[in-house]
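Asker: This is the structure, below, for whatever I ask next.
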Amino acid sequence: MRVLAVIHGPSVRPELFGDVVVEGGHELVEWDIRVQGPPPDGFDAVFVFGGDQNVGEEVEHPWLHDEYDALRHFIEAETPLFCVCLGSQTLAHATGGVAEPAGETIAGFVPTELTAEGAADPVLGALPPRFESFNLNGFRFTPPPGAVTLATGPVSQAYRLGPRAWATQFHPEVRHDQAIEWLREDPTVASRVDELVDELDEKLPRWQELGRTLCAAFLAAAEV
């Protein structure tokens, strides 16, 4: 398969998901929508990753409009789509849901539980019924009309829209050094950085196993 990874900066790339794509024998193309413009067609599956930008900042980041249009196109074309963090929020906003401030920054590993629909889902169902997921977000989403909530936590954690689009608030793709960089650069968690890094050292290896499993499940679903 040809797989597109839409990114929003150099510190929010495909990471573990990129490894899984390449190990599976697929072609991976990264596309920085900030500087390359609207993403092209011709891909068998698409990822949209995170960023420090937010829905509502279209004046500062006008490329967000390109992303909304692209996401609606992928949904209409039923292109297999997996969106993470900012991607989950832009997808919700583009399709009639809501992306809004969470009220506080949710950082570190948080208890997360699959819904009944999540447990039966071909992608999210690859995860255990309960797990701790890595989050770093000051925004949250309300899934769009018609979406199915797949996982819950301190904020909504995952949904499916239509037959072939999945979105997670948590970060299943994250690497160790990448996560530390995010934590150290986020002023809202400055007082807790050492504690969060210790937690990351302890819990990330297991989370990365689950992240690789989740990515493989998405790729398998995309090939069907």
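Asker: So if I check each of A147, A190, which one is more than 17 Å from the chain's Cα centre (by Cα) and either surrounded by fewer than 19 Cβ atoms within 10 Å (Cβ to Cβ) or not basic (K, R) (or both)? If you could, list the steps in order and put the result at the bottom.
Answerer: Values: A147 fails: more than 17 Å from the chain's Cα centre (by Cα).
The conditions single out A190.
Asker: Related question: Right, V6: of a type in the set (V, I, T), surrounded by 21 or more Cβ atoms within 10 Å (Cβ to Cβ), under 20 Å from E223 (Cα atoms) and touching a Pro at 6+ places or on another chain (Cβ under 6 Å) or not?
Answerer: Here the answer is yes, as V6 does meet what is asked.
Asker: F109 - would you say it is over 23 Å from L71 (Cβ atoms), at pLDDT 95 or above and surrounded by 16 or more Cβ atoms within 10 Å (Cβ to Cβ)?
Answerer: Values: over 23 Å from L71 (Cβ atoms): yes; at pLDDT 95 or above: yes; surrounded by 16 or more Cβ atoms within 10 Å (Cβ to Cβ): yes.
The answer is yes for F109.
Asker: Among (1) out of contact with any Lys or Arg (no Cβ under 9 Å at 6 or more places or on another chain); (2) surrounded by 17 or more Cβ atoms within 10 Å (Cβ to Cβ), which single condition is E104 missing?
Answerer: So E104 meets the others, but not (2).
Asker: When the stretch 59-81 is examined, which residues are found to be part of a loop (DSSP other than H, G, I, E, B) and exposed (fewer than 15 other Cβ atoms within 10 Å of the Cβ)?
Answerer: Applying the first criterion (part of a loop (DSSP other than H, G, I, E, B)) to the stretch 59-81 yields 59-62, 78-80.
V59, E60, P62, E78 - these are the residues of the stretch 59-81 that are part of a loop (DSSP other than H, G, I, E, B) and exposed (fewer than 15 other Cβ atoms within 10 Å of the Cβ).
Asker: With respect to D41, is the statement that it is loosely packed, with under 15 Cβ neighbours inside 10 Å and assigned to a loop (DSSP other than H, G, I, E, B) true?
Answerer: On the way: loosely packed, with under 15 Cβ neighbours inside 10 Å: yes; assigned to a loop (DSSP other than H, G, I, E, B): yes.
For D41, the condition - loosely packed, with under 15 Cβ neighbours inside 10 Å and assigned to a loop (DSSP other than H, G, I, E, B) - is met.
Asker: How many of the residues in the stretch 83-121 are in contact with a strand residue (DSSP E or B) (Cβ under 8 Å, 6 or more places away or on another chain) and in a loop (DSSP other than H, G, I, E, B)?
Answerer: 5
Asker: Would you check which residues across the stretch 44-53 are crowded, with 20+ Cβ neighbours inside 10 Å, touching a Pro at 6+ places or on another chain (Cβ under 8 Å) and not β-branched (V, I, T) and list them? Step through it out loud before you land on a result.
Answerer: Here is the first cut: in the stretch 44-53, the ones crowded, with 20+ Cβ neighbours inside 10 Å are 45-51, 53.
The next check asks that each one be touching a Pro at 6+ places or on another chain (Cβ under 8 Å); those that pass are 45-47, 49.
Once the filter is applied, which keeps residues that are crowded, with 20+ Cβ neighbours inside 10 Å, touching a Pro at 6+ places or on another chain (Cβ under 8 Å) and not β-branched (V, I, T), the stretch 44-53 yields A45, F47, F49.
The values are calculated or read from the model by the stated rules, or taken from the named source; none is laboratory data. All figures in this text were calculated on a predicted structure; none of them were measured in a lab. Neighbour counts run over all protein chains shown; Cβ positions are idealised from the backbone, glycine included.
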